[in-house]
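This structure is in structure tokens; I'll ask about it shortly.
The values are calculated or read from the model by the stated rules, or taken from the named source; none is laboratory data. Just so it is clear, the structure is predicted and the values come from calculations on it, not from any experiment. Counting neighbours? That spans all protein chains shown, and the Cβs are built from the backbone with ideal geometry, glycine included. With ligands, DNA and RNA removed, areas are computed over all heavy atoms of the protein, side chains included. Shrake-Rupley method; radii C 1.70, N 1.55, O 1.52, S 1.80 Å.
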Amino acid sequence: MNAFNLKAQQQMPMVKLDAKMKSDAITNLSTTLIENYVFLDTAKSVKASLEKNLKAGLYDKIDDPNEFAQQITKDIQGITHDKHLRFGFNPGMAADLLKGDGEENPEMQKRYAEEMKQGNYGFKKMEILAGNIGYLDLRGFNEASIAKETGAAAMNFLANTNAIIFDLRENGGGDPNMVKFLCSYLFEGKVHLNDLYYRKKNETEEYWTLETVPGKKMPNVDVYVLTSNYTFSGAEEFTYNLKNLKRATIIGENTGGGANPGGSVRITENFICFVPTGRAINPITKTNWEGTGIAPDIECKKEDALNVAQVEIYKKWISGAKSDEQKKKYEWAFDGLQATINPVAVTNEEMQKYAGDYGPRKIYFENNQLIYERPGVLKKTKMIPITSTYFMLEGRDNFRVKFNTDGSGSVISLTGMYDDGAGEENKKVN
């Protein structure tokens with residue numbers, strides 16, 4: 001579940017802290033960390049530091065609960081360097097947690113499930129890009145028990161694509177069981193993905209892919225994962241799993257660096273804390289990404305990652321094409337992508353030369369751009385230059401226009417070109 005419910009927090013009446021409230025919060029937080037935090041020695045260091053700060057009066061002038069929570073989080077992260085470990089003011093969630101968590105609190109579970117539903121369980125966008133490239137914008141790994149039906153639908157939507165791009169640039173993590181579920185579509189049989197060790201129970205839980213999934217598996221489809229510095233926790237596990245199993249190419253920025261799972265704990269009637277109770281242990285590296293994050297295979301700004309991924313896909317496909325026909329198909333799509341990424345500048349003077357009547361096809365120069373129309377077939381559509389004489393149409397992947405000139409440079413005709421190699425030349429009437 002989410003560590004902090006900001007909406008609930010904003011709806012609660014403001015509380016003015018007194019010395020006892022702050023002392024109780026620090027005492028209870030210290031006890032909770034000693035009992036539950038994944039690293040006992042670190043928890044003891046946090047306890048000593050917080051008690052020293054309290055005694056020294058460093059929190060005396062803070063009576064705003066949000067400011068106090070932010071300062072405590074800063075202080076404990078300064079010792080642990082654990083971005084999962086967060087202390088927050090949230091009386092509403094503190095009251096909920098008093099009744100228990102998980103199955104012990106069905107009312108809270110119901111609210112959580114509804115909240116996840118409103119976000120479509122993290123599945124923000126699915127799309128088939130040019131070249132039959134599957135794209136999934138996934139904003140969170142929601143609890144598998146309620147989200148896997150939507151996850152199965154998403155993976156089945158992508159099942160017939162030639163490559164899949166998982167966009168985790170805005171994904172802050174979530175349930176390791178959901179990570180396992182989605183990873184299972186990308187491997188044949190059972191594959192060891194990750195382990196989670198829990199200090200309090202002194203137990204290690206192993207995570208293996210499922211042998212069967214709803215729908216079909218895609219063990220041979222090329223996979224690309226987009227990352228940013230926001231990619232965190234469970235999203236990092238998904239990335240780390242695939243990277244170390246050499247199942248995906250990672251593109252973007254170094255990730256956030258949070259590998260210690262846990263849950264929200266009630267500290268006092270006003271405060272809660274997300275306490276990491278375990279740590280990830282990858283079966284290949286024998287370690288994890290805590291504090292360091294995951295370095296991409298191809299580093300670029302997060303804003304450019306989707307374009308870079310598509311370029312990499314087409315380069316691989318073009319170099320590995322098994323026939324001239326297949327190579328031309330890939331080059332067609334690649335040319336369009338390149339025009340989108342690196343727009344070609346065509347002067348107004350040049351574009352004005354192309355405007356005119358070409359029999360069944362009409363070309364207009366309007367608002368400093370070329371417009372294509374084929375009356376009765378295709379309404380007015382913006383033209384995007386691939387070169388100064390070769391244009392694609394906005395929203396149309398299978399058709400392009402090439403302008404032809406005579407020896408003096410005058411435009412004499414255009415050729416309507418299709419992605420299957422067919423073409424039709426139409427002479428310019430005026």
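Hey, if you put +1 on the Cβ of every Lys and Arg and -1 on every Asp and Glu Cβ in the range 338-395, which of Y390, V377, I363 ends up farthest toward the positive end of that dipole?
V377
Work out the length of the dipole vector of the range 253-393 about its Cα centre, built from +1 on the beta-carbon of each Lys and Arg and -1 on the beta-carbon of each Asp and Glu, and round it to the nearest 20 debye.
Details: 18 positive and 17 negative charges, 94 e Å.
With only Lys, Arg, Asp and Glu charged at Cβ, the dipole is about 460 debye.
Another question, then. On a straight-distance basis, which aspartates and glutamates could pair with K201 in a cross-link, Cα separation under 20 angstrom, same-chain partners fewer than 8 positions away excluded?
Answer for K201, where 20 Å is the Cα cut-off: E35, D41, D101, E103, E104, D175, listed by chain and number.
Full-extension gain between E424 and K322, please, as 0.36 nm times their residue separation minus the C-alpha to C-alpha distance.
Numbers: separation 102, 0.36 × 102 = 36.72 nm, distance 2.76 nm.
Contour length minus the Cα-Cα distance gives 34.0 nm.
Tell me the net charge near R279. Cut-off is 9 Å between Cβ atoms, R279 excluded, with +1 for each Lys or Arg and -1 for each Asp or Glu. All intermediate terms of the calculation are to be shown ahead of the outcome.
Values: positive: R199; negative: E290.
Charge balance in the 9 Å sphere: 0.
Follow-up question, since we're still on this one. So, counting K/R as plus one and D/E as minus one, what does the shell of residues with Cβ under 15 Å around N28 add up to? Provide the component values of the computation, followed by the final result.
On the way: positive: K20, K22, K47, R266; negative: D24, E35, E51, E269.
Charge balance in the 15 Å sphere: 0.
List the residues whose amide H sits under 5 Å from the amide H of W208, counting only those 5 or more places along or on another chain, with H placed 1.01 Å from N in the peptide plane.
Distant-sequence amide H within range of W208: L193.
Rank G293, A345, P261 by how far each Cα sits towards the positive end of the charge dipole of the chain (+1 on Lys, Arg Cβ; -1 on Asp, Glu Cβ) and give me just the farthest.
A345
Another question, if that's okay. Would you mind telling me the share, in percent, of accessible area of the chain contributed by carbon and sulfur at probe 1.4 angstrom? List each step's numbers first, then the result.
Values: 10180 of 21330 Å².
Ligands and nucleic acids excluded, carbon and sulfur give 48 percent.
Quick one: work out the % antiparallel among DSSP beta bridges in the range 214-310, nearest 5. Spell out each step's value before the answer.
Working: 5 of 11 bridges.
Within the range 214-310, antiparallel bridges account for around 45 percent of the total.
Ok, one more. Using 12 Å as the cut-off for backbone N distance, which residues of the range 230-267 belong to the label zone defined by a point 7 Å from the Cα of K99 along Cα→Cβ?
none
Then there's this: Gaussian network model of the chain, Cα springs within a sub-10 Å range: biggest mean-square fluctuation belongs to which of N282, N202, N260?
Result for the chain, Cα springs under 10 Å: N202 fluctuates most.
If the chain between R396 and F157 were fully stretched, how many nm would it gain, using 0.36 nm times the residue separation less the Cα-Cα distance?
Working: separation 239, 0.36 × 239 = 86.04 nm, distance 2.16 nm.
Length difference between fully extended and current span is 83.9 nm.
Taking 7 Å along the Cα-to-C-beta vector as the label spot, tell me the D24-T212 distance in nanometres, rounded to one decimal.
5.4 nm
Still on this structure, please answer the following. Over 26 Å between Cα atoms, which of K316/K362; K125/K301; K99/K200; K117/K316; K315/K402 qualify?
Details: K316/K362 37 Å; K125/K301 21 Å; K99/K200 22 Å; K117/K316 38 Å; K315/K402 24 Å.
K316/K362; K117/K316, as the Cα separations exceed 26 Å there.
Between K200 and K382, take the C-beta separation as r, use R0 = 60 Å, and let me know the FRET efficiency to the nearest 0.05. Display every interim value, and only then the final one.
Working: r = 61 Å, r/R0 = 1.01.
Using R0 = 60 Å, I get an efficiency of 0.50.
Still on this structure, I have one more. Kindly work out what percent of the DSSP beta bridges joining two residues of the chain are antiparallel, to the nearest 5.
Counting only bridges with both partners in the chain, antiparallel ones make up about 75 percent.
Order of 378-391, 240-253 by packing, highest average Cβ count within 10 Å first? Before the final figure, lay out each step's value.
Details: 378-391: 16.2, 240-253: 21.6.
Answer by packing, highest mean first, reads 240-253, 378-391.
Looking at the calculated P(r) for the chain, what percent of the C-alpha pair distances fall above 31 Å?
Working: 49230 of 92235 pairs.
Cα-Cα pairs of the chain separated by over 31 Å account for 53 percent.
Suppose every K and R has +1 on its Cβ and every D and E has -1 on its Cβ; what is the size of the dipole of the chain about the Cα centre, in Debye to the nearest 20? List each step's numbers first, then the result.
Working: 54 positive and 58 negative charges, 55 e Å.
Magnitude of the dipole: close to 260 debye.
Taking the alpha-carbon centroid of each part, what is the distance from the range 371-430 to the range 97-150 in angstrom?
First find each Cα centre; the distance between them is then 45 Å.
Test of understanding: what is the full-extension gain from S45 to M126, defined as 0.36 nm times their sequence separation minus their Cα-Cα distance?
On the way: separation 81, 0.36 × 81 = 29.16 nm, distance 4.60 nm.
Fully extending the segment from S45 to M126 adds 24.6 nm.
I'd like to compare 401-413, 224-236: which one has the highest average count of other Cβ atoms within 10 Å, and what's the full order after that? Please list the in-between numbers first.
On the way: 401-413: 12.9, 224-236: 25.8.
Taking the mean over residues of other Cβ atoms within 10 Å, the ranking is 224-236, 401-413.
May I ask you to list the GluC sites (Glu not before Pro) in the range 390-430 that are in a DSSP loop and have at most 16 other Cβ atoms within 10 Å of their Cβ? Don't skip to the answer; put the middle values down first.
Details: sites: E394, E424, E425; in loops: E394.
Here the sparse-neighbourhood loop sites are E394.
Hey, another quick one. Quick one: plug the Kirkwood hydrodynamic radius of the range 312-430 (C-alpha pairs) into Stokes-Einstein at 10 °C, 1.306 mPa s, and report D in µm²/s. Don't skip to the answer; put the middle values down first.
Values: Rh = 15.1 Å.
Result for D is 105 µm²/s.
Still on this structure, please answer the following. Compute the helix-to-body angle for 106-118: its Cα long axis versus the longest principal axis of the chain, expressed 0 to 90° and rounded to tens.
20 degrees
Spelling out what I want: for every residue of the range 374-391, take phi, set θ = phi - 60°, compute 6.51 cos²θ - 1.76 cosθ + 1.60 (Karplus), and round to whole Hz; glycine and proline get x.
Karplus-based 3J(HN,Hα) across the range 374-391 equals 10, x, x, 10, 9, 6, 3, 9, 5, 9, 10, x, 9, 9, 5, 10, 10, 10 Hz.
Where Lys and Arg each count +1 and Asp and Glu each count -1, what net charge lies around E269 among other residues with Cβ under 15 Å from its Cβ? Each step should come with its number before you reach the end.
Numbers: positive: K16, K20, K22, K99, R266; negative: D18, D24, D96.
Within the 15 Å Cβ shell, the charges total +2.
Shifting gears a bit: Suppose each label sits 7 Å from its Cα in the direction of the beta carbon; what would the A355-D64 distance come out to in nanometres?
That separation, rounded to one decimal, is 5.8 nm.
If you don't mind, another one. Taking the chain as the reference, fit the longest principal axis to its C-alpha atoms, fit the long axis of helix 324-341 to the helix C-alpha atoms, and give the angle between the two in degrees, 0 to 90, nearest 10.
On a 0 to 90 degree scale, this one is about 70.
Okay, next question. Please give the charge dipole size of the range 101-210, origin at the Cα centre, charges +1 on K and R Cβ atoms and -1 on D and E Cβ atoms. Round to the nearest 20 debye. Mind showing how you got there, number by number?
Details: 13 positive and 18 negative charges, 44 e Å.
For this selection, approximately 220 debye.
Only Cα pairs under 8 Å and at least 6 apart count here; give the relative contact order of the chain as a rounded whole percent. Before the final figure, lay out the partial values.
Working: 830 pairs, mean separation 52.9, N = 430.
Over the chain, the number comes to 12 percent.
If you roll a 1.4 Å probe over the heavy atoms of the protein chains, what accessible area per residue do you get for the chain, in Å²?
Numbers: 21330 Å² over 430 residues.
Here the residues of the chain average 50 Å² of exposed surface.
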